[in-house]
Each structure stands twice: as structure tokens, then as C-alpha cells.
1. Summing +1 for each Lys or Arg and -1 for each Asp or Glu, what net charge is found among the other residues whose Cβ lies under 9 Å from the Cβ of ILE58?
2. Rounded to the nearest 0.05, what FRET efficiency do VAL95 and ARG67 have when you use their Cβ-Cβ distance and R0 = 22 Å?
3. Show me, for region 57-68, the HN-Hα J-couplings you get by feeding each phi into the Karplus relation (A = 6.51, B = -1.76, C = 1.60, θ = phi - 60°), rounded to Hz, glycine and proline as x.
4. Please list, ordered by chain and number, the residues whose modelled amide H lies under 5 Å from the amide H of HIS44; skip anything fewer than 5 residues away on the same chain.
5. What distance in nm separates the two pseudo spin-label positions at SER123 and VAL138, each 7 Å out from Cα along the beta-carbon direction?
6. Please list the non-local residues whose amide H lies under 5 Å from the amide H of LEU57, H modeled 1.01 Å from N, same-chain partners needing a gap of 5 or more.
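Values in this text are rule-based calculations from the coordinates and carry no lab data. These numbers were taken from a predicted model, which means no experiment stands behind them. Counting neighbours? That spans all protein chains shown, and the Cβs are built from the backbone with ideal geometry, glycine included.
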Amino acid sequence: MAKSKRSGASTIDDSFSESSNVVQFFMEGMETMRCGEGTEPINHIPYVDIYSNKDELIIEVEIPGVRMEDIDLSVFQGALNIKAIKYDCFEEENVNYICMERSFGRLFRAIEIPVTVNTSKISAKYNDGILRIVIPRVSDKRGQPIKIKVEGR
């Protein structure tokens with residue numbers, strides 16, 4: 001349903017259409033994204049919970065069914081990169097699936113680290129399908145004044 005509008009004005013329908021186009025563009029891009037040097041497309045973005053306290057930033061990633069040895073974590077240019085492969089577990093080939101909702105293949109998630117952290121002391125544990133990454137925070141002293149002593153000759 002097209003609505004007439006004045007020059008420069010937009011309608012709710014136009015905003016919705018533009019939003020849909022952005023979402024469609026993003027989803028099409030996801031289908032062709034590549035995970036590092038792999039040749040298979042990324043077909044799953046895992047869900048995360050990110051929280052912090054005064055000492056650390058904690059990121060919990062939901063990746064059930066992934067083997068620990070298939071998880072690859074790295075930090076690059078202020079972002080935590082999570083890569084993994086989830087293999088299918090189907091033994092029978094001649095099966096007619098009624099419903100298949102689980103996804104398999106390459107997983108990828110890049111998370112920008114929003115606070116100043118010590119990347120050399122990152123730790124990660126994988127238990128019951130949850131990857132828990134703990135990143136120690138460091139105090140950011142850029143906003144605090146520092147007194148500088150001025151000396152003469």
C-alpha cells in the first residue's frame with residue numbers, strides 16, 4: 001500500500017520498508033560471510049550474555065552440541081572473536097524428518113569489548129553447552145588528571 005507524501009517527508013510505511021530492506025541486506029550478507037580461512041558460510045550466530053562487575057567482564061556464549069576442541073577464541077583490535085563448528089549428529093540417512101530446528105555448521109560472533117581490559121589474562125571454560133569467558137578489567141586512568149612536575153634547567 002503506497003501512501004502519498006510531501007517532498008522530504010516520510011511515512012510509517014516507508015520507514016518499515018527501509019527497515020525491512022536493511023534486515024534483508026544484513027541476512028543476505030550473513031549467508032555469504034566467511035569464517036576466517038574456511039570456505040563454508042557461517043550459518044549460526046550464537047546467543048550471548050555480557051555482564052560485568054568492578055573486576056571483570058564476563059561473556060557467556062550459548063553453543064550446545066559444540067565440542068571443546070572445535071572452539072576458537074581470539075582477541076583482535078578490541079574485539080573478542082568466537083568461532084566454532086557444530087557437526088551434525090545424524091546416523092541414519094534414509095529418514096523423513098517431520099521437524100528439524102537445530103542448526104549445524106560454522107558459528108561466528110565478534111563482540112566489541114566495551115571497557116578497558118587485560119587481554120593477556122583472559123580465561124575461558126566450557127561446561128554444559130555454555131562457554132564462559134572472563135576478562136579482567138583494568139582501571140582506565142585517561143579521565144583522571146595527572147599532576148606533572150615542571151623542572152627548570
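1. Details: positive: ARG132; negative: ASP49, GLU56, GLU60.
Combined, the nearby Lys, Arg, Asp and Glu give -2.
2. Working: r = 23 Å, r/R0 = 1.06.
It comes out at approximately 0.40.
3. Here the 3J(HN,Hα) series is 9, 10, 10, 10, 10, 8, 9, x, x, 8, 6, 4 Hz.
4. Correct list: PHE108.
5. 1.9
6. Sorted by chain and number, the residues that satisfy this are ILE135, ARG137.
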